[in-house]
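Notes to accompany the following structure.
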Amino acid sequence: MAAQAIPAARRRLWRPQSATEVVSVIAVAAAVAFVLQFVARRLSSDATQFVTIALNGLTLGALYFLVASGFTLIFGLMRVTNMAHGAFYLLGGYIGFEVSDRTGNWYLGVLAGTVAIAALGIGVQQLLLRRLQGQDLREALITIGLAIVIADQCLAYWGGSPRDLIVPTGLSGAKELQVAEVIYPTYRLFVLGLATALGVGLWVLLRHSKLGITIRAGVDDRRMVAALGVNVQIIFAVVFALGAALVGFSGVAGGSYLSLAPGEDGRYLLFSLIVVIVGGMGSVTGAAIGAALVGLVDQFAAVYVPTYSVLLTFGLMVLVLAVRPQGLLGRPA
Amino acid sequence: MTTRLGNRRTLGLVVLVAFLIAFPFFASSFWVVSIGIKTLWLGIAALSLIFLAGTVGMVSLAQTAIYGSAGYVVAHLTVMQGWNGWLAVPVALAVAVTLAIFVALISARSSGIYFLMLTLAVAVFLYFFALQYRPFTQGFSGINGVHAPDLFGLSLRDPTTFWFLALAVALAAYLAVRGVIASPFGLTLKGVRDSAPRMAALGYNVTAHRVVAFAFAGLVAACGGVLAVWYNGQIAPGSIDLTRTIDVLVIAVIGGLYRLEGAWVGALAVTLLTNFANDYTARFNTVIGLIFIGILLLSPGGIAGIWENAAGRIRGGRSGRPQPPVIEGAGR
């Protein structure tokens, strides 16, 4: 594409286009100011509680990021909204539970959950979705049907009572932190570290590897990449497998500290949706920011305004949509 | 359309109406209550989705949440506040329509797959809200003991009376939706569905049209919601959870996303399946899910579409109707 001169108006920091934009920017500023004074007040009154809640929010956000990154990866490249994502999470967790329960080895469970869901993802993509390529609404509806079937089969096999994975001794217990005398579960910190590492890994993969470059090119213009001789079908399969592997893995990781039960699939589907809507669909970095925000809002609201905590998370989504309909890091459609 | 075909249609319609009126007098109460009335109100909920999907190209997953909100308002006002049942109805409808407008304001700027995601997020949110906000919804257990008020001195607990009320509401909803589609406004909506940018270029306010259409669909869904809460006698978060949300979608897809009558065909199919599949398998949802996937893969026109294709082939003419535009082209 030929280089275009940037219009002079673009260089200015902010040029409001409408009254709505002014109002929404004021609303955001007010929200930020409120959050800052809230943080300052709570930190001075009860630092231990505040840090604990913040950690809860971040570790929950880490899990949401693990789940949502797969969702956004698949959506970004293939425009496939995998509504069975929550069901994939639940099934991955259950498979991990079953394997680690039988073998007594948690790591084997993690491996089994990840690999099984990756294989399932490839199967779904090749058998169901490939023939409908480009009809994104129909694809989304089919994955909804798939979600019903998977959730029902999980209920048939594992029943209605909650299941928990047992974490190996090295990861169980709690650690005393140097900050504000907080004692915090080791496993949650482990998940936070893992999500950070995976996020960085994903970023490096997308930014610097050949596969990543092809994927990003595919996000921008699928047909052009195909025309350049890249076998897009293989890239699609790889990305779908990667996205499914991520959610299968998070199922096991999440099931090790938040129980697996029927209905959890809907919860994780919801939070995947919120995270990618807030962060911008198709953007992995956006998913990370969105997940952290959603996790923090969720946990703080649960403590300080329990009756309305859901509304607050919802409010976050509405606020972001009002200001940036394409999400924080999303590109305009 | 030829006169002969028109006559045949009229005849079919007369037979159908006669059957529907005679139905509660010859059918057993199981058929009237568990199959008949349930089909009617489920069909109304699905009708609102079919209208949105078929006419405006908005596949909404928030219809269950909207009809649930109407149900919740009726239950809250009559059981917890002691209101008269008929007084609660307009309030419930108003609340549901307000909610629909709010949802539309958030989501109407997006379309296709984004719209689907946003409305799904709204639906699941309302479920969690119903679970959390105990002062209004009584949390997990929900509001029990909702009774339908009397209608002209007749008790709505009598299946026959309730059948006729549900039938009247269903018919009114059907005619209203048909009327809207046939109106100039409906034509504009179809234009918005087929090409929003072109309609915008012609000077139409696309978002406003979407919002009004969504509010109207919300009103239709709310009517179904009021009937549903009277029918069930209670409402709980379980009545608006993800499964119920998907049920309405399944009904609409089975009935065919582009035919209004399909709403009740789909509702009847699902109601029959719910009642009778239980005799053969406990994994009822798996059966429904597989049927749903099968229909999406094979016949986007739903059951009605299959029938029409077959009928078209037998007549030797073109094979049925053209494919619905809803699922094929939307979101691109």
Using just the C-alpha positions of chain B as equal point scatterers, what log10 of I(q)/I(0) does the Debye formula give at each q in 0.06, 0.10, 0.11, 0.14 1/Å?
-0.21, -0.59, -0.72, -1.17
Counting only complete DSSP H runs, which helices of chain B cover 24 Å or more along their long axis at the Cα atoms and score a mean Kyte-Doolittle of 1.6 or above?
B:85-107, B:112-132, B:159-182
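What list do you get for A:246, B:99 if you sort them by fewest beta carbons within 10 Å? Please list the in-between numbers first.
Details: A:246 30, B:99 22.
By the 10 Å Cβ count, ascending, the order reads B:99, A:246.
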Taking the Cα centroid of segment B:82-108 and of segment A:278-333, what is the distance between the two, rounded to the nearest whole Å?
26 Å
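Could you work out the helix-only [θ] at 222 nm for chain B, with each DSSP H run of four or more residues adding -39,500 (n - 2.57) and the total divided by the number of residues, to the nearest 500 deg cm²/dmol?
Working: 15 runs with 234 residues, N = 332.
-23500 deg cm²/dmol, from helical runs alone.
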In whole Å, largest first, the alpha carbons of segment B:119-169 cover along the principal axes 39, 25, 14
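Would you list A:289, A:150, A:274, A:213 from fewest to most Cβ contacts within 10 Å? Present the calculation step by step, with values, prior to reporting the outcome.
Values: A:289 19, A:150 23, A:274 27, A:213 12.
By the 10 Å Cβ count, ascending: A:213, A:289, A:150, A:274.
Averaging the inverse of every distinct alpha carbon separation and then flipping it gives the Kirkwood radius. What is it for segment B:55-154, in angstrom units?
Values: mean 1/r = 0.0682 Å⁻¹.
Evaluated on segment B:55-154, it is 14.7 Å.
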Spread of Cα-to-Cα distances over 10 Å intervals beginning at zero, given as percent, for segment A:182-333
10, 32, 36, 17, 5, 1
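What per residue convex hull volume, in Å³, do the alpha-carbon atoms of chain A yield? Can you show the working numbers first?
Numbers: hull volume 55.4 nm³, N = 333.
Measuring per residue, one finds 166 Å³ for the Cα hull of chain A.
Can you give the Rg/Rh ratio of the protein assembly as shown, where Rg is from the C-alpha atoms and Rh is the Kirkwood radius?
Numbers: Rg = 25.8 Å, Rh = 26.5 Å.
That ratio equals 0.98.
If R₀ is 35 angstrom, what is the calculated FRET efficiency for the pair residue A:157 and residue A:32, using the beta carbon separation as r and rounding to 0.05? Kindly include the intermediate steps, with their values, before the conclusion.
Values: r = 47 Å, r/R0 = 1.35.
Calculated transfer efficiency: 0.15.
Ranked by Cβ crowding within 10 angstrom, fewest neighbours first, how are A:208, B:147, B:209 ordered? Working shown, then result.
On the way: A:208 10, B:147 13, B:209 19.
Least crowded to most crowded, the residues run A:208, B:147, B:209.
List the relative contact order of chain B as a percent without decimals, with contacts defined as Cα pairs under 8 Å and 6+ residues apart.
Values: 482 pairs, mean separation 98.8, N = 332.
That works out to 30 percent.
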Alpha-carbon centroid distance for the pair segment A:239-255 / segment B:228-271, whole angstrom:
32 Å
When only Cα pairs under 8 Å and 6 or more residues apart are kept, what is the percent relative contact order across chain A?
32 percent
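With the convex hull built on the Cα atoms of segment A:251-333, state its orientation-averaged projected area in nm².
Numbers: hull surface 24.0 nm².
Computed as one quarter of the Cα hull surface, the answer is 6.0 nm².
Taken together, the values in this text are just the output of simple stated rules run on the coordinates, not laboratory data. Remember, predicted model here, so these are calculated numbers, not experimental data. Neighbour counts are summed over all protein chains in view; Cβ atoms, including those assigned to glycine, are modelled from backbone coordinates with ideal geometry.
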